[in-house]
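The values are calculated or read from the model by the stated rules, or taken from the named source; none is laboratory data. Bear in mind the structure is a predicted one, so any value in this text is a computation, not a measurement. Because the Cβ atoms are built from the backbone with ideal geometry, glycine has one as well, and the counts that use them run over all protein chains shown. Side chains are part of the model used for accessible areas, which takes the heavy atoms of the whole protein and leaves out ligands, DNA and RNA. Shrake-Rupley method; radii C 1.70, N 1.55, O 1.52, S 1.80 Å.
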Amino acid sequence: MYFDKERFKEEFIQKLQSMQGMSLEEASVNDQYLALGATIRDYISRKWIQTKRQYQEKNDKQIYYFSMEFLLGKLLDMNLINMGIREECRAALQELGIDLSLLIEAEPDAGLGNGGLGRLAACLLDSMAAMHLPGHGCGIRYKYGLFEQKIVDHHQVELPDNWLKDGYVWEYRRPEKSVEVRFWGRVTQIVQPDKWLFIHEDYEPVLAVPYDIPMVGYHNNTVNTLRLWSAEPAQLDFDLSSFNRGDYIRAVEYRHSVERISKILYPDDTHYEGRLLRLKQQYFFVSAGLQSILSDYKRKNRLWQGLPDKISVHINDTHPALAIPELMRLLMDEEGLGWDEAWTITTSTVSYTNHTTLPEALERWPVDMVKSLLPRIYMIICEIHERLCYTIWEQTKNWDLLREISIIADGEIHMARLAVTGSYSVNGVAQLHTDILRKNIFAGFHSWQPYKFNNKTNGITHRRWLIKSNPLLAKLITDTIDGSWIKYPWDLIQLLRYTDDEEVQQRFCEIKRRNKEALAKFIKNKYQIAVSTDSIFDVHVKRIHAYKRQILNVLHIMHLYNQLKENPDWDIVPRTFIFGGKAAPGYYIAKQTIKLINVLAEIINHDNSIQGKLKVVFLENYSVSLAELVVPAADVSEQISTASKEASGTGNMKFMMNGAVTIGTMDGANIDIKNAVGDSDIVIFGLTAQQVFDYYAFGGYNAWDIYHNDSRIKRVLDELINGFFPNEKEEFRPLYNDLLPNNDEYFVLKDFSGYSEAQRIVDNKFRNKQGWCSMALANIAHSGIFSSDRMASEYSVGIWKIKPHIITG
Ligand code: 26W
């Protein structure tokens, strides 16, 4: 973009005056951030208007990505990079005495997601805009994002994330595009000569108001839209009439019940709970999104049959699966289509990604809840269910299959089965995960409709996770292989020629050291813990969950510590173990794990007898922004989930792209990473998914056996309960119980030995500086295929059938 420095400075000062009512001298950093955001927003909105106009004129197919979560992080810096004006802006602000990096810091993270699924949605939007793909997001504008985590007395404490408190510069409220969403009430059927009518009465109306956020493409003219819906009371007179009748309380209650819908993001990932409010959230944004898409379609097109040629609706896990019956409802009840026509259109429009095979994460809604909250949707789900059962029975006469695919069973609606039935494509997010979908959780559907199933391995945007967060490394890469990788990240493979180049290695080491220094400084300032940049930065950051096995890492640290206590001269490479991640507020074991890490950290960090050879740090409030500091500084990436449990993982890709070496199990995308880098540039250990399945199916695993036969394991487990942690004698017994009396569901003890050996290998490899550098560089070289650009183009070609649309300036 052409950048006129003097004009920019004027516009910026003008914004300070008009928005904040302030002169440059008076303005705080936050005021300056808001003014800068508003200035850049104006630049963006020109391109945005152009993009929308050109999409409209060309009337090409567009895709809408429905997701309950979009974990965007901060946008200012990324927008400046994408617009190609960051350095110009920095220089201009400097002339005004302003440090751009402070303004960048001042932006609140948009933390509208729990973890991988929400961040994936954000990476995908970034890639679609970069690749000229007409793709947009549809979600909820939560007033409170994922809670802020504080560690108090070693414990996790949750605080509300009031991210909107100072206003949000990137959003545009669009009240004129509001739509109504209807809950409760009853449906009456009117039989007419040629059709049935369904009338929904006595419902509670809710107004869905969209807020649009521009999604800026990298160095192009594309600006796509993320539309987030906010719930507001539908009719003023609804309040007023109640008020007139003196029913003031009812009016206020109505307002509250409506506003609750978009108030807060559910902080649970992987644990499904049948909560009415969550069901309301799901229907709320799905209905609003579809209504706005259809009304747009109607303005441009005549025939509903053409909808799948113009629109793709993608559902990010089952959370938006009500899109299927809702699209049916809109086509039949609002537009007058018959069932068969509507079904053909719906099942040619909707596609579905599954993100988890954990049974406790699969959504099933109680029939009674759906029936009363969404009476018409319930009728449609019943009909889908009955027709599915009928078809399967006719075709196969197989009761077992019928039971397996039944959408309604035991008083519950199985959302994954509804999603598969109503979608033309079902994909997993890594090779192994897709295999498991085919062979296990959707085996019945797969035997019946194998063509629906496909794999789309996850990706991450290299613009945020390399160009933005690790500028020094990005520069080294460009200096070495030139800059084509920025547009074509698979070109990173060119780096392979330089993995043994001494100068490149040396520069890489220096960059890693500087990134480690930045993190060390942060740790020192925040926690008063001194960590050495000569130590291995061994990083385990992600949601805290039993299947992700933070506890395996912790037990191994305890084991190292025990050895060092016995032999303080033991020559290991000093290590800094860095943890971060949030536990769901109601997930007791996960919270105990956080406490264990913090208590252990205190003991180890204060024990001078081990001469600083081990350090343990728990970084509170892990977030996108914190990840951007941590990932570039990592030497070792911990990806140690129980095989078969982690659908893909995307942190693994971020670390790899920043030159960390993975220690991991044969799970999720670790396998794809191993296939890419080869066996010698990754450290793999542990049970395979098949071995895990076999143990579950045939038994034969006894945690006590391992406890009794491996003195190292016995010792660390005993330490959980024998007073090793003097102030928490009984505190960690639940962790102990899960590992022993409850027979270690996640095979922590079984994999301990392999993990310990793998860590020894890491230690050895790290001693060879050149060898290590060459491994790190090989990881970077092979990381291009894990760019979400590859992922976006695979979805576009393989599922959505959308083409790039170059926006002219
Ligand atoms: C409360 C119900 C619930 C259930 C599942 C909420 C959220 C979920 C998500 C599916 C959890 C999630 O984020 N899954 C992760 O998705 C990533 C992106 O595909 C994968 O990389 C992770 O392996 C997977 O755990």
Practice prompt. Output yes when any residue across segment 559-569 is over 30 Å from Lys645 (Cα atoms), without any contact (Cβ under 8 Å) to a residue 40 or more places away in the chain and not acidic (Asp, Glu), and no when none is.
Written response: yes
Worksheet item: Among (1) part of a helix (DSSP H, G or I); (2) within 34 Å of the chain's Cα centre (by Cα); (3) under 30 Å from Ala627 (Cα atoms), which single condition is Gln94 missing?
Response: (2)
Response to the item:
Only one of Ala647, Ala627, Ala601 is in contact (Cβ under 8 Å) with a residue 12 or more places away in the chain, part of a helix (DSSP H, G or I), closer than 22 Å to Arg464 by Cβ and open to solvent by less than 20 Å² (accessible area, probe 1.4 Å), namely Ala627
Worksheet entry | The lone exception for Pro308 - which of (1) within 16 Å of the ligand (Cβ to nearest atom); (2) out of contact with any Leu (no Cβ under 9 Å at 6 or more places or on another chain) it fails | (1)
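Among the residues of segment 682-700, how many are away from the ligand (no atom under 16 Å from the Cβ) and open to solvent by less than 30 Å² (accessible area, probe 1.4 Å)?
Result for segment 682-700: 4.
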Response to the item:
Of the residues in segment 526-561, those that are closer than 20 Å to Gln156 by Cα and outside any helix (DSSP H, G or I) come to Gln528, Ile529, Val539, His540, Val541, Lys542, Arg543, Ile544, His545, Arg549
Discussion item. Please go through segment 417-432 and give me each residue that is open to solvent by 10 Å² or more (accessible area, probe 1.4 Å) and within 12 Å of the ligand (Cβ to nearest atom), ordered by number.
Written reply: Leu432
Worksheet entry | Residue, most open to solvent (accessible area, probe 1.4 Å), within segment 114-160, restricted to residues that are touching a strand residue (DSSP E or B) at 6+ places or on another chain (Cβ under 6 Å) and assigned to a loop (DSSP other than H, G, I, E, B) | Pro160
Worksheet item: What residue, of Ser609, Ser641, Ser625, Ser637, is among the hydroxyl-bearing types (Ser, Thr, Tyr), at pLDDT 95 or above and over 21 Å from the mean Cα position of the chain (by Cα)?
Response: Ser609
Item to complete: Read through the list (1) surrounded by fewer than 19 Cβ atoms within 10 Å (Cβ to Cβ); (2) in contact with an Asp or Glu (Cβ under 9 Å, 6 or more places away or on another chain); (3) part of a helix (DSSP H, G or I), then give the number of the only condition that Asp309 fails.
Response: (2)
Worksheet item: Residues of segment 648-669 being under 21 Å from Leu626 (Cβ atoms), of a type in the set (Val, Ile, Thr) and within 13 Å of the ligand (Cβ to nearest atom), which ones?
Response: Thr650
Worksheet item: Has segment 97-113 got any residue that is open to solvent by 10 Å² or more (accessible area, probe 1.4 Å), within 16 Å of the ligand (Cβ to nearest atom), in contact with a strand residue (DSSP E or B) (Cβ under 8 Å, 6 or more places away or on another chain) and outside any helix (DSSP H, G or I)?
Response: yes
Item to complete: Out of the residues in segment 261-281 that are away from the ligand (no atom under 13 Å from the Cβ) and among the hydrophobic types (A, V, I, L, M, F, W, C), state the one that is surrounded by the most Cβ atoms within 10 Å (Cβ to Cβ).
Response: Ile261
Worksheet item: Is one or more of the residues making up segment 655-665 crowded, with 17+ Cβ neighbours inside 10 Å and touching a Gly at 6+ places or on another chain (Cβ under 6 Å)?
Response: yes
Discussion item. Among the residues of segment 508-566, what is the count of those that are touching a Leu at 6+ places or on another chain (Cβ under 9 Å) and over 30 Å from Ser711 (Cα atoms)?
Written reply: 14
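How many residues does segment 363-389 contain that are in a loop (DSSP other than H, G, I, E, B) and either open to solvent by 40 Å² or more (accessible area, probe 1.4 Å) or not hydrophobic (A, V, I, L, M, F, W, C) (or both)?
Within segment 363-389, the first condition is being in a loop (DSSP other than H, G, I, E, B), and the residues that meet it are 363, 374.
Add one more test, that the residue is either open to solvent by 40 Å² or more (accessible area, probe 1.4 Å) or not hydrophobic (A, V, I, L, M, F, W, C) (or both), and what stays is 363.
So the answer is 1.
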Item to complete: Could you tell me which of the residues Ile345, Ile324, Ile392 is closer than 21 Å to Tyr451 by Cβ, away from the ligand (no atom under 16 Å from the Cβ), part of a helix (DSSP H, G or I) and in contact with a Pro (Cβ under 8 Å, 6 or more places away or on another chain)?
Response: Ile345
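If I filter segment 455-474 for residues that are within 16 Å of the ligand (Cβ to nearest atom) and surrounded by fewer than 22 Cβ atoms within 10 Å (Cβ to Cβ), do I get at least one hit?
yes
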